[in-house]
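Heads up, the thing below is written out as C-alpha cells.
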Amino acid sequence: MVTGHVFIATSLDGFIARPDGGLDWLFASDPGDEDHGYDAFISRMDGIIMGRGTYESVLTLGPWSYPKPVVVMSRSLTDADVPAELAGRVRITAEPPRVLFERLSREGWRRAYVDGGAVIRSCLAEGLIEDLILTRAPVLIGMGRPLFGAIEQDLRLVHQGTETFPSGLVQSRYSLPSPTQAHG
C-alpha cells in the first residue's frame, strides 16, 4: 500500500498557518537560499495528498508549484471547483484516508507526500504515515491552524536526526513504528 510521508513547517508554537491560512510568517523566516531538502524529498514521491485548507492557501501563493499529481481531500469541494489551468493535475476526493490510499496503490502510487494539519492527523490516526520531517521556524504567531491536536492515545515517534540552519530553522526527522508498535 502507499506509504505517507510528511514534510511540513510550523511556528515555534506549533501552528502551520495563521487562522486565515496565511503563511507570511514562514516566508519571513526563510532567506530563500537555504536547502532544507524539499526538492530531494518531493523527487521521491509519486504524488501529493493535501487537505482543503492547505489547497486553498496554496492557490493564493501564485503560480502552481507542485510538479506531481495532487489529490485534495475535501467534503465540501468537488472536481468542478478545480481551476481550468489545474485540470488533470489536481483532483478532489471525499474518500476517507485508508480508502484513498488503497485506490492510489491500485493506480501505482508507492509514496505520497501528505500535507495539511487535518489530513496529517487523520493519516496518523490510521497508521498511514511512515515518516515525518518537521521544520520549526523561530517565530511565535500566537494563534492559527495547529499541526497536531487531541489524540486518543500516545503516538511514539523515533527521532532520526535534527539539523539547524543559519536562518534559525530547526528540522527534525522522525519515523513511525509499525501501527502495532506505535501506541503506548
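So the values come out like this:
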{"read-out": "FRET efficiency for GLU34 and ILE151, using Cβ-Cβ distance with R0 set to 25 Å, rounded to 0.05", "value": "0.20"}
{"read-out": "Projected label distance in nm at ARG98 and MET1, using a 7 Å step from Cα toward the beta-carbon", "value": "0.6 nm"}
{"read-out": "Pair ASP20, HIS159: separation of 7 Å Cα→Cβ label points (nm)", "value": "3.8 nm"}
{"read-out": "Per-residue [θ]222 nm for the chain (sum of -39500 (n - 2.57) over DSSP H runs n ≥ 4, rounded to 500)", "value": "-6000 deg cm²/dmol"}
{"read-out": "Residue-span extension gain [VAL139 to LEU77] - 0.36 nm each, minus C-alpha spacing", "value": "19.1 nm"}
{"read-out": "Max mean-square fluctuation residue, GNM over the chain, Cα-Cα springs under 10 Å, options GLY142, GLY62, GLY37", "value": "GLY62"}
{"read-out": "Residue order, fewest to most surrounding Cβ atoms within 10 angstrom, among VAL70, VAL170, VAL158", "value": "VAL158, VAL170, VAL70"}
{"read-out": "Most fluctuating residue given options ALA137, ALA112, ALA150, as computed from a GNM of the chain linking Cα atoms under 10 Å", "value": "ALA150"}
{"read-out": "Amide hydrogen neighbours beyond the local backbone of ASP115, cut-off 5 Å, H modeled", "value": "ILE49, MET50, GLY51"}
{"read-out": "Value in Å of the Kirkwood radius, where the range 75-184 supplies the Cα pairs that are averaged", "value": "16.5 Å"}
{"read-out": "Difference of contour (0.36 nm per residue) and Cα-Cα distance, ALA84 to GLU107", "value": "6.0 nm"}
{"read-out": "Relative exposure of MET50, MET143, MET45, judged by other C-beta atoms within 10 Å (fewest first)", "value": "MET143, MET45, MET50"}
{"read-out": "GNM flexibility winner over the chain from ARG18, ARG91, ARG44 (Cα, springs under 10 Å)", "value": "ARG44"}
{"read-out": "Fewest-first sequence of TYR113, TYR174 by Cβ atoms within 10 Å of each Cβ", "value": "TYR174, TYR113"}
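Every number here is computed from the coordinates shown, using simple stated rules; none is lab data. What you see is a predicted model; the values in this text were computed from it and never measured. Using ideal geometry, Cβ is built from the backbone for each residue, glycine included, and neighbour counts are taken over all protein chains shown.
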